[in-house]
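Note sheet for the following structure.
Values in this text are rule-based calculations from the coordinates and carry no lab data. Keep in mind that what you see is a predicted model, and the values were worked out from it rather than measured. Because the Cβ atoms are built from the backbone with ideal geometry, glycine has one as well, and the counts that use them run over all protein chains shown.
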Amino acid sequence: MFDFTELSNAVIEGDNAQVQAKVNEAINTKVDPLEIINQGLIGGMNVVGQRFKVNDMFVPEVLMSARAMNMGIELVKPLLAGGEMTNKGTVIIGTVKGDLHDIGKSLVGMMLECTGYKVVDLGVDIAPEEFVVAARENNGQVLALSALLTTTMLSMKSTVDVCVEEGIRNNVKIIVGGAPITQEFADQIGADGYAGDAAGAVELVSKLVTEMAAR
Amino acid sequence: MFDFTELSNAVIEGDNAQVQAKVNEAINTKVDPLEIINQGLIGGMNVVGQRFKVNDMFVPEVLMSARAMNMGIELVKPLLAGGEMTNKGTVIIGTVKGDLHDIGKSLVGMMLECTGYKVVDLGVDIAPEEFVVAARENNGQVLALSALLTTTMLSMKSTVDVCVEEGIRNNVKIIVGGAPITQEFADQIGADGYAGDAAGAVELVSKLVTEMAAR
Amino acid sequence: MANIQFTELAYNNADEIIYGYAKKPVVCNNGMVIGGGTVYPEVNLTLPTMLISEETMPKVLAQYDEMIHGICSKAHELHSPGFIIEIELLPPCTFNPQWGKDVTKVVKGVMDEYSTKFGQKSLLRMTVVDVREGKTLAHMYKGEHWDNVINTFKGCAEAGADFLAIESIGGKQLHDEAVMNCDLPKAVFSLGAIGCRDMGILWDEIVKISQEYNCIPSGDTACGFANTSMVMAHKNFIPKVFAAIDRVMCAVRTLVAVERGAVGPDKDCGYEGVYLKAISGTPISMEGKTAACAHSSCVGNISASVADCWSNESVENIRLLGGMAPTVYIEQLIYDCRLMNGATTRGSAKEIRDILIESDKMYDPQAYILDPKVAFRISGEIIKGKTHFERTKIAAAATINEIRAGFKDGLLQLDAKELKYLDIFEKQLKAIPDDEAEFAKQILPMCTVDKFDPAKYDFNVAAK
Amino acid sequence: MANIQFTELAYNNADEIIYGYAKKPVVCNNGMVIGGGTVYPEVNLTLPTMLISEETMPKVLAQYDEMIHGICSKAHELHSPGFIIEIELLPPCTFNPQWGKDVTKVVKGVMDEYSTKFGQKSLLRMTVVDVREGKTLAHMYKGEHWDNVINTFKGCAEAGADFLAIESIGGKQLHDEAVMNCDLPKAVFSLGAIGCRDMGILWDEIVKISQEYNCIPSGDTACGFANTSMVMAHKNFIPKVFAAIDRVMCAVRTLVAVERGAVGPDKDCGYEGVYLKAISGTPISMEGKTAACAHSSCVGNISASVADCWSNESVENIRLLGGMAPTVYIEQLIYDCRLMNGATTRGSAKEIRDILIESDKMYDPQAYILDPKVAFRISGEIIKGKTHFERTKIAAAATINEIRAGFKDGLLQLDAKELKYLDIFEKQLKAIPDDEAEFAKQILPMCTVDKFDPAKYDFNVAAK
Ligand SMILES: [Zn+2]
Ligand SMILES: [Zn+2]
Ligand SMILES: [Zn+2]
């Protein structure tokens, strides 16, 4: 069996050159492409996620690792059979309409990527309709809405409402977060969950995606 | 016409002896008993209420005035024809079940008396059923509920609910007050009003009683 | 059973009395010493609006768990050398002693976790609600109400409370009436006769329980008494001088806990703690500006001048922009304490103390009588009294004299209405006979049974 | 138009820099002098969660009315010699300049009422939101967004604002990216090149409007910049030393307001105000422990050491046990200020200042660089730079040196990860060329248009 330790370590250290070298080495020794991704690349990224959670790594370091991982995945992708899953699911993330706060949302996206989800980051000031379109186009399982202003958190409700109107509400889980958001508010607007921080969001997404798979 | 100034002043000063002397003087000169009450006694008490509101009188002084007024009313009462109203309406007041806070509620009762209402003070720790019984027995127009604890304010809801069940909800206005209470909470539990202090409670009762009369 | 009679003050002069140091520091098992030189933050927290029932208890406990985690982690982050958590149980948690015990267990569990993980030192004060009131109360010292109070104390002690405390209410209904009517004799009776007697009985039990479970009997406050006056005065419902006199009279009552074996730190909301400290050397918790979350105050700074713990009184677990309110308040308290303790390290504690005193004393007689110099003088008078009744009377008289003198010397602002009431109270006070039994015979007929029922207190005029 | 180049510090030595006094005090029409010896409370308040729309505007205004009444009446009750109210407008009230004006009118109306009735002195700071961002932004200096900002300033000024302020955001998106990646060169570019340039254009307009309407151009803060770093560092997402370096670099940017004619008091959430005061003598508002309602802080006390106004940053109009939160917070601020001003009266202000400094400086580089002695030395370096770009680079380099020295001398605690990043940042900094145009040419290709679009800023590499 191929030893993925060095590849994983290269991801953890965000060392692009080393990731490239190790991925190519694995490809050349005919390792199953999916294993390269899951055990080598995502495996390393999981460690990064854990370390970040206990304050052992800073955000810039995690971002470097994520970039290294993604580069590795791009190298492997051509070898995958069509339709093979390289991720645990797809999360559409964005800051709701009227709100321009970027960082919190990006951190959640980053942590989700660490854990093996595909993340479609729509950016900030996203209208309900844009969320719906993105969910449809990317076959997203989870919509993650962010708001930092007490004046814009009400846009979250509109987004949930539009999902109902557009008939996609049963196909996606909707989660909300941001400084002024509470579990109570999440319940009120009919969201499926609330998380207080990026780590919580990851746990929540895992829980919801598992639930959906079990249906 | 009889000059009520001295009688009113005696009420304002809480001077029992002088109130007694002046009421008797009025009775002896055949002044209309209702006028003695309304112009002389309640007239003086209205001034007291005003002064208290602008911090010109302390509670003990108001209580002395109220006692003097009530003593005067007792002197006049035997002369009234049966059924003649000596007050603007009847307010049943009490602190709700589970709550033993007395003073705030007593102050509201005091201020209502100042303004010419009959006040039936049930005391503290009053069950919903007791409010209903008292409202029926005294033909009360307003139920005033007090709570000081966040854990007992929920008893206010039970009281409103029991009024509905017992079929008296349409005959009484229900108002709520106390430190943790808000207008929002009042709306939530289906009360007719909320007041933040004793003066506000008086205004609120006046408004509600006027509305009921207009029906 | 202890029965100490304090006939001398704990301090030789007022200048010795200062925050952070008490003549009789309380040494705790984890190494924290209250009154040993460091002022510790004491954070108080409570539930947001919610029902407490068998059904909601898991939610209730989850709330406490969340609050304590927030507090401990903030204290650790801000390098607090130690802190105290006070839980004032809500009535259902005393009516159901097991619930009070469960709360204690959860809270102490989190505190222990931070102690083990990070060496974060903390102490837990459990304050049982005195539920001995209401229509169903049969007796103050036996029956359901009494048993619930006692069993809740035992449960909290067993579950790991470091300090036991209570805001006892014997005589409170009568005192409420006294406040509403500014009836000083009735206040003297309710405090000096009923209240002190009640506290003696109650605190003998609390001290016994503390010994049994190896925790510390901390203290009582006149929350139901002088704080009622304080709130009424703050709203301009009664004269401020009544509230000031009432506060000092309450010192005699609150001191009974110490006479019976309580050792401190006395509870935060008892501003009469200054007198307790002056007389007995017991460390005290105090609250002021950083308790504005619970009530506005005219003693925002002066209350810190001789404090050994510094408290926020009470804050609900609601969300502010910066986080949950209990976490916000531990942060504020920690920084307040850093300032005071930093001054101690630099040798300028007395200067800070005097600045804190001067900040407030001029504006309100309730602040004025917290000046340790004033408290020292009045305390010196109080201890001359032979009985609680006598001491309570002396407390009132001495306070009236001090307030008058302070006004005359231009150290205290008072308007004409306040001055008028000083005269009224002086007259009321002089009308009280020296003999307690005689006084009781005079005043009892003026007390309705619903405000004070002698039978429920085993109160016997002749026996007094 | 003003264009002051500060080439000397306002102070001869660090020991002169102290709270309450600024070299260039701001004298207001009502007699209040900011930086003239008294620290004034500056209370900040905001709406609870609610929709702001044409329909809800009456409710919005009623909220402001309630908050200001509560604040004014508490300030009067507590004998505050004066206070400042800051309203940071919410975005809808800048997108609709008339709404911002209406809010100003209501707020100022209540303040005037208390001034007339009780002689209660107060000043109003209106902070317009910089809405120049988002998908629909066509240009920074023309079009709808720019017009809304300018018209809101005019509306607020006309409606009675005493001070105009803003937290401008030119270059913010790029800076966000710099923070996330701990990319010091990109931060230098966003602050020293883009931000400073943007503030020049913006503040020329604000100063012009202030002159026209006879109000005071107060200042800007790096809220969108260094406070983002601060929050990220507080969560352990980035090294604290990055946040400290970023803070000092921001001083160069914030100072641009003063170069263009702003006179202070600088806004509360700009901790770089310490540098502003050292360099220009402008009075500053600061926030610390009593702003825990808005965010936790590692500079709870040290931030007060040289403050001229003392703020709570922001609190929503929600109910605490003791009353509405804005009223609670003005009370806390008033007592904080009483303590500081009382010390000034007694001649012990410097002692208090030094206690405040020592309270925090050791625990965090962000606190360390607020020590006026450190700020004085770094400021002395900054003013040697000829351009904003050069000054920003110097700020970073000098801060790295000071932090390193502080650590070496045992004055500042830093763990190994922080020390490692000091080296990384030093290396990053050394890689930046001295020539600004060359630097811009290097860095622009690394900036995507969605984070920084030169065309929207009229940004021209060659012209720089
Ligand atoms: Zn209390
Ligand atoms: Zn800000
Ligand atoms: Zn601010």
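A simple spin-label model places pseudo-atoms 7 Å from Cα toward Cβ; at D:Asp409 and A:Gln183 they are separated by 5.0 nm.
Positive end of the dipole of chain B (Cβ unit charges, origin at the Cα centre): among B:Phe185, B:Pro33, B:Val47, the Cα lying farthest that way belongs to B:Pro33. Annotation: for a label point projected 7 angstrom from Cα along Cα→Cβ of B:Asp15, no residues of the stretch B:58-77 have a backbone N closer than 12 Å.
Across all Cα pairs in the stretch A:104-158, the calculated P(r) in 5 Å bins from zero up to the longest distance comes to 4, 17, 29, 25, 17, 7, 1 percent per bin.
For A:Gly123, the distances from its label point to the matching points in the remaining copies are 7.0 nm, ordered from shortest, with each point set 7 Å beyond Cα toward Cβ. Relative to the other identical copies, B:Asn16 shows label-point distances of 9.6 nm, where the label point lies 7 Å from Cα along the Cβ direction and values run shortest first.
Note on the stretch A:161-215: Kirkwood radius taken over Cα pairs, Stokes-Einstein applied at 37 °C and 0.692 mPa s, translational D equal to 277 µm² s⁻¹. The reciprocal of the average 1/r between distinct C-alpha atoms defines the Kirkwood hydrodynamic radius, which for the stretch D:246-304 equals 11.7 Å. With the gyration tensor restricted to C-alpha atoms of chain A, the semi-axes of the equivalent ellipsoid amount to 33, 18, 14 Å, longest first. Taking the square roots of five times each eigenvalue of the Cα gyration tensor of the stretch A:90-214, the equivalent ellipsoid has semi-axes of 18, 16, 14 Å, listed largest first. Between D:Thr7 and C:His139, the simple spin-label model (points 7 angstrom out along Cα→Cβ) gives 9.3 nm.
Please compute, over every Cα-Cα pair in the stretch D:155-279, the percentage with a separation greater than 22 angstrom. Mind showing how you got there, number by number?
On the way: 2555 of 7750 pairs.
Of all Cα-Cα pairs in the stretch D:155-279, 33 percent lie more than 22 Å apart.
When the charge dipole of chain C is built from unit charges on Cβ atoms (+1 for Lys and Arg, -1 for Asp and Glu) and taken about the Cα centre, the candidate among C:Tyr335, C:Thr49, C:Leu61 whose Cα reaches farthest toward its positive end is C:Tyr335. The calculated FRET efficiency for B:Glu203 paired with B:Val133, based on their beta-carbon distance and R0 = 25 Å, is about 0.35.
Please compute the Cα-Cα pair-distance distribution of chain D with 20 Å bins starting at 0, giving whole percents from short to long. All Cα pairs considered, the percentages come to 27, 59, 14, 0.
The mean sequence distance of close C-alpha pairs (under 8 Å, at least 6 residues apart), as a share of the length of chain C, puts its relative contact order at 20 percent. For the stretch D:262-279, 3J(HN,Hα) computed residue by residue from phi via the Karplus equation (6.51, -1.76, 1.60; θ = phi - 60°) reads 5, 10, x, x, 5, 6, 4, 7, x, 5, 5, x, 4, 6, 4, 5, 4, 7 Hz, glycine and proline entered as x. Fraction of C-alpha pairs exceeding 17 angstrom in the stretch C:54-174: 57 percent, rounded to a whole number. A simple charge model with +1 on the Cβ of Lys and Arg, -1 on the Cβ of Asp and Glu and nothing else charged puts the dipole of the stretch B:52-196 at about 300 debye relative to its Cα centre. Exposed loop sites, defined as GluC sites (Glu not before Pro) outside DSSP H, G, I, E and B with at most 16 other Cβ atoms within 10 Å, are absent from the longest region of chain C, namely C:56-464.
Charges were assigned to the Cβ only: +1 to each Lys and Arg, -1 to each Asp and Glu. The resulting dipole of the protein assembly as shown about its Cα centre is roughly 1540 debye.
Report, for C:Asn30, each distance to the same residue's label point in the other copies, shortest first and in nm; define the point 7 Å along Cα→Cβ. Ordered by distance, the counterparts are at 4.6 nm.
Out of C:Ser210, D:Leu191, D:Ile355, whose Cα points farthest toward the positive end of the dipole of the protein assembly as shown (charges: +1 Lys, Arg; -1 Asp, Glu; placed on Cβ)? In the protein assembly as shown, that residue is D:Ile355.
Assuming 1.002 mPa s and 20 °C, estimate D for the stretch A:5-79 with Stokes-Einstein, Rh taken as the Kirkwood radius over Cα pairs, in µm²/s.
On the way: Rh = 11.9 Å.
Answer, rounded: 181 µm²/s.
Computed from point charges on the beta carbon alone (+1 for Lys and Arg, -1 for Asp and Glu), the dipole magnitude for the stretch A:5-79 about its Cα centre is near 160 Debye.
Are there GluC sites (Glu not before Pro) in the stretch B:7-116 that DSSP puts in a loop and that have at most 11 other Cβ atoms within 10 Å, and which ones?
Listed in order of number, the matching sites are B:Glu84.
The value given for the protein assembly as shown is a Kirkwood hydrodynamic radius of 33.8 Å, derived from the mean inverse Cα-Cα separation.
Other protein chain C-beta atoms within 10 Å of residue C-beta, averaged over C:313-325: 6. With a simple spin-label model that places each label point 7 Å from the Cα along the Cα-to-Cβ direction, the separation between D:Leu444 and D:Leu429 comes to 2.7 nm. Binning the C-alpha pair distances of the stretch C:315-391 at 10 Å intervals from 0 yields a P(r) profile of 16, 24, 28, 23, 8, 1 %, listed from the shortest bin outward.
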